[in-house]
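Encoded as structure tokens, the structure appears first; notes follow it.
The values are calculated or read from the model by the stated rules, or taken from the named source; none is laboratory data. Quick caveat: nothing in here was measured; it's all calculated off a predicted structure. Cβ placement follows ideal geometry from the backbone for every residue including glycine, while neighbour counts extend to all protein chains displayed. Each accessible area value is taken on the protein alone, full model and side chains, heavy atoms only, with ligands, DNA and RNA left out. Shrake-Rupley method; radii C 1.70, N 1.55, O 1.52, S 1.80 Å.
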Amino acid sequence: GGALEITIICRYSDGEYPLGKFRVFATDSADPLNLGLPASVAGILSKAPSARSEEESSMISEWYKFQDPDYLTKRFAWIKAQRPLPLDEKMEQLKMALTWAERAVPDDPPIVQLRSDVYYSVEQVANRRLTGAQDLTWALINNSAFIFNH
């Protein structure tokens with residue numbers, strides 16, 4: 001007198017695989033997604049505890065851990081805590097500002113020319129004969145008799 005609902009769970013990404021063999025479970029449980037024990041765990045549990053190997057015992061323990069909701073919640077929180085922290089926007093802005101402030105400031109062309117002039121003036125002061133010859137030439141060029149004759 002009851003209704004039977006059958007749900008097929010196909011765990012393939014594109015769904016192009018035809019169904020081969022599949023199981024049909026019937027239950028009156030409030031948790032219908034519990035599909036029972038895996039075959040490997042059921043086979044190990046069918047043995048007496050003293051007859052199980054160390055590997056089989058650890059396999060059962062591992063399977064049991066993943067059935068415990070508290071363990072899964074704590075494990076998810078631990079995995080989430082292991083993730084790297086997101087980048088701080090203010091820190092990134094400060095890093096960019098620091099990079100901008102550390103770049104070399106280009107020299108202004110008039111300042112470069114003035115530095116060159118100072119360098120040549122210092123060289124000229126060191127050579128007294130050159131300075132005297134330039135002064136004499138300048139005086140002759142600016143003489144009114146020189147200007148009048150040319």
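Among residues of the range 33-73 being closer than 27 Å to residue 7 by Cα and aliphatic (A, V, I, L, M), the one that is least open to solvent (accessible area, probe 1.4 Å) is 41. Checked against the criteria, residue 62 counts as of a type in the set (Asp, Glu), within 29 Å of residue 31 (Cα to Cα) and in a helix (DSSP H, G or I). Would you pick out the residues in the range 31-56 that are assigned to a loop (DSSP other than H, G, I, E, B) and at pLDDT 75 or above? Within the range 31-56, 37, 38, 46, 47, 48, 52, 53 qualify.
May I ask you to say which residue of 122, 41, 105, 112 is of a type in the set (Val, Ile, Thr) and in contact with a helix residue (DSSP H, G or I) (Cβ under 6 Å, 6 or more places away or on another chain)?
41
Kindly list the number of the only condition in (1) over 30 Å from residue 4 (Cβ atoms); (2) of a type in the set (Gly, Ala, Ser); (3) outside any helix (DSSP H, G or I) that fails for residue 81. Failing condition for residue 81: (3).
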